[in-house]
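The values are calculated or read from the model by the stated rules, or taken from the named source; none is laboratory data. Please read all numbers here as calculations on a predicted model, not as lab measurements. Here the Cβ is made from the backbone with ideal geometry for all residues, glycine too, and neighbour counts use every protein chain on show.
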Amino acid sequence: MRLKLLFSLILSVFLCFGAIGQELNCSVQVNSSQVSINDKTVFDAMQRSVFEFMNNRRWTSDKYSPAERIDCSILITIDQQLSTDEYEATIQVSSSRPVFGSTYTSTTFKYQDEGVRFKYLQFDVLDFSENAYLSELTSLLGYYAYIMLAIDYDTYSMMGGQEHWLLAQRIVANAQTSGGAGWQSYKNRNNRYWLAQNALSDRFKSLRECYFVYHRKGFDQLSENVSAGRAEVLKAIKLVEKTHNNEPNSYNQRLFFTAKNDEIIKLFSKAEPAEKNEITGILDTVDPANSTKYLAIKEGGR
């Protein structure tokens, strides 16, 4: 009995230390409700495989405590079964970070990838390499992991996610041989290729800088000084305006506001009238798709 107890304690310590270093706390769901097949155990297996792939892999050389892991989620909606082992799906990815001095978490990334095609068999091992294209599914998952890491690091230090943006770009380069539309530069300007490419371009530097000012200088000091924090968020939005002047209505810019528009409205609804006028004037220019929503800023506090 003592031997079994000792073994259990050693195993628990091993598992505890083994978890230290994993960067992602990723919830995973596979929705197969649109596919009419009798045996759906393959989708349960897919969900487990993706969960283990995202959460058990070391993505960086940095040390993370369990509390520091990045909260994120992946929803894979199976739209069609194309063959025994091939599927067409929509993949939704999101991530968030905590705000200092509060229980609030701020969404940093929301992305919907449609018309994705990949192969998966129930007992497949999800192999992955940063330096080679091994499968569509693991390339997609690795890409998303590095994008979420890149943005998270950008929120904590100025341009801090550079290494991870470069790794995401490397995955894109490796995957271009697959012919998948999301990896190609010539298919459209709103895909995986351009998200990584734009982030590494000097023309988008101010948007990258925005993430740091918005989060570290802005939201992280709201618990101590709301006015000062809100002023920094306004500065961050002006950095987006600078990017807009270089590349109007870019994909990266739209994704920023997909994650942030509701949060911005809530923050500035309680601002002074002059600040409300200034922020809405900028937002109407840089995020026209949500201009109607931004009317709520001026209406707030009336």
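Take segment 202-230 and flag every residue that is assigned to a helix (DSSP H, G or I) and surrounded by fewer than 16 Cβ atoms within 10 Å (Cβ to Cβ).
The first filter runs over segment 202-230 and keeps only residues assigned to a helix (DSSP H, G or I), leaving 202-221, 226-230.
Hits for segment 202-230 are D202, R203, V226, S227, A228.
Residue-wise test of (1) more than 29 Å from A196 (Cα to Cα); (2) touching a residue at least 60 places away in the same chain (Cβ under 8 Å).
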| residue | (1), (2) |
| --- | --- |
| G218 | no, no |
| A236 | no, no |
| E241 | no, no |
| F256 | no, no |
| K260 | no, yes |
| I279 | no, no |
| E299 | yes, no |
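Quick one: R170 ticks every box in (1) in the same structural domain as K238 (by TED's automatic domain parsing); (2) surrounded by fewer than 21 Cβ atoms within 10 Å (Cβ to Cβ); (3) not polar (S, T, N, Q) except a single one, so which number is it?
Of the numbered conditions (1) in the same structural domain as K238 (by TED's automatic domain parsing); (2) surrounded by fewer than 21 Cβ atoms within 10 Å (Cβ to Cβ); (3) not polar (S, T, N, Q), the odd one out for R170 is (1).
Starting from segment 170-196, take each residue that is over 15 Å from Y143 (Cα atoms) and list its partners that are surrounded by 13 or more Cβ atoms within 10 Å (Cβ to Cβ) and of a type in the set (G, A, S), counting only C-beta distances under 9 angstrom and pairs at least six apart or across chains.
K187/A181; N188/A181; R189/S250
Could you list, in sequence order, the residues of segment 147-167 that are part of a loop (DSSP other than H, G, I, E, B) and of a type in the set (V, I, T)?
Of everything in segment 147-167, nothing turns out to be part of a loop (DSSP other than H, G, I, E, B) and of a type in the set (V, I, T).
Determine if segment 138-154 includes at least one residue that is over 20 Å from C26 (Cα atoms), charged (D, E, K, R) and in the same structural domain as L195 (by TED's automatic domain parsing). Talk me through it step by step, then tell me what you get.
To start, the set of residues in segment 138-154 that are over 20 Å from C26 (Cα atoms) comprises none.
There is no residue in segment 138-154 that is over 20 Å from C26 (Cα atoms), charged (D, E, K, R) and in the same structural domain as L195 (by TED's automatic domain parsing).
Pairs, please: C-beta under 9 Å, at least 6 apart or cross-chain, first residue under 16 Å from L140 (Cα atoms) and in segment 47-69, second loosely packed, with under 12 Cβ neighbours inside 10 Å and not aromatic (F, W, Y)?
Matching pairs, first to second residue: S49/V125.
Of all the residues that make up segment 178-201, how many are of a type outside the set (A, V, I, L, M, F, W, C), part of a helix (DSSP H, G or I) and within 22 Å of F212 (Cα to Cα)? Even if it seems obvious, please write down each step before you answer.
Pass one, segment 178-201, residues of a type outside the set (A, V, I, L, M, F, W, C): 178-180, 182, 184-193, 197-198, 201.
With the extra rule that they be part of a helix (DSSP H, G or I), the set shrinks to 178, 182, 192-193, 197-198.
From what's left, within 22 Å of F212 (Cα to Cα): 197-198.
So the answer is 2.
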